[in-house]
Structure formats: structure tokens, C-alpha cells
Amino acid sequence: MLDDMAGAAGHGPARRGGGREYFWGHNVTTGIGVSHGRGVILLAICKAHTPLFEYTPKRVKQAVVGYGSAEKRQVMDMTRRILKMEKVARPDDAADAIAIALCHARSSTSLLAQKGIR
């Protein structure tokens with residue numbers, strides 16, 4: 001997995017990594033597996049010297065929908081509208097990745113970010 005991720009992290013014109021912060025409240029078993037995979041991804045990004053930007057789910061929802069407590073279907077529909085897609089991206093993980101990318105694009109182009117204020 002590390003080799004695959006290292007190859008992916010070093011390709012592409014943007015050369016940035018974006019992710020979502022996770023909170024595990026109920027299903028700890030699933031959380032452990034996802035956390036292991038996330039660790040490998042973070043290591044690959046670090047080894048590729050790629051900047052990483054992480055956003056809370058609330059911040060992603062705020063950036064995409066304009067409301068931090070929006071429902072998942074609202075975020076998915078708004079990403080479809082913003083990108084003028086015929087259908088909502090599938091699977092859900094792809095839709096999440098698009099929403100995170102939109103959040104990052106909006107965050108990194110803000111006037112505050114241009115002045116180095118975070």
C-alpha cells in the first residue's frame with residue numbers, strides 16, 4: 001500500500017494532499033483499520049515532501065454548502081452543482097474527496113491565505 005500511495009503522491013500538477021479529520025465515537029474496530037490506512041497515506045505524503053492540508057467535516061460542509069451542519073446529501077448535491085456534473089460522484093468516498101478538494105481550493109485562494117493568515 002505504501003508503494004502505491006508513494007507513487008500517487010508524487011504525481012499530478014497540484015502536488016498537494018488534502019484530508020479530513022476523523023472522530024471515532026461508536027465503531028472503534030472500523031476506526032482502527034481506517035486509522036492504519038490513513039497512517040500509510042500520511043507517510044507516503046510526507047515521504048513525497050507534499051504539503052498536507054486537513055479540514056474538519058464541519059469546515060468542508062461550510063465551504064461547499066455554506067452551512068457547517070449540512071447533511072451529506074446536501075454536500076454531494078452542491079459538489080455536483082458547483083462542478084456542473086450530470087450526476088453526483090460515486091462512490092461516496094469520491095464525493096467526499098471532491099468536497100475536500102473544493103474546500104481546499106476555496107481556503108487556499110482566500111484573501112486571508114494570500115496574506116499568510118490562517
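The values are calculated or read from the model by the stated rules, or taken from the named source; none is laboratory data. For clarity, every value in this text was computed on a predicted model and none was experimentally measured. Because the Cβ atoms are built from the backbone with ideal geometry, glycine has one as well, and the counts that use them run over all protein chains shown.
Test each condition in (1) modelled with pLDDT of 95 or more; (2) not in a helix (DSSP H, G or I) for Q74 and report the one that comes out false.
Q74 satisfies every listed condition except (2).
Go through region 50-83 and give me each residue that's β-branched (V, I, T) and touching a helix residue (DSSP H, G or I) at 6+ places or on another chain (Cβ under 8 Å). Break it down stepwise before answering.
The initial filter retains those residues of region 50-83 that are β-branched (V, I, T), namely 50, 56, 60, 64-65, 75, 79, 82.
Residues satisfying the conditions are T50, V60, V64, V65, V75, T79, I82.
A89: at pLDDT 85 or above, of a type in the set (A, V, I, L, M) and either more than 24 Å from L52 (Cβ to Cβ) or part of a helix (DSSP H, G or I) (or both), yes or no?
no
Quick one: would you say Y67 is in contact (Cβ under 8 Å) with a residue 40 or more places away in the chain and either aliphatic (A, V, I, L, M) or surrounded by 13 or more Cβ atoms within 10 Å (Cβ to Cβ) (or both)?
In short, no.
When you go through T50, T79, T56 one by one, which is the residue that is in contact with a strand residue (DSSP E or B) (Cβ under 8 Å, 6 or more places away or on another chain) and either of a type in the set (G, A, S) or modelled with pLDDT of 85 or more (or both)? I'd like the intermediate steps shown before the answer.
Details: T50 fails: either of a type in the set (G, A, S) or modelled with pLDDT of 85 or more (or both); T79 fails: in contact with a strand residue (DSSP E or B) (Cβ under 8 Å, 6 or more places away or on another chain).
Checking each option against the conditions leaves just T56.
Is there any pair with a first residue in region 84-104 that is farther than 10 Å from V60 by Cα and without any contact (Cβ under 8 Å) to a residue 12 or more places away in the chain and a second that is of a type in the set (V, I, T) and in a helix (DSSP H, G or I) whose Cβ atoms are under 8 Å apart and which are 6 or more apart or on different chains, and what are they?
Close Cβ pairs (under 8 Å, with a partner that is of a type in the set (V, I, T) and in a helix (DSSP H, G or I)) amount to M85/T79.
For region 41-59, give me the residue count where each residue is crowded, with 16+ Cβ neighbours inside 10 Å and under 16 Å from A99 (Cα atoms).
3
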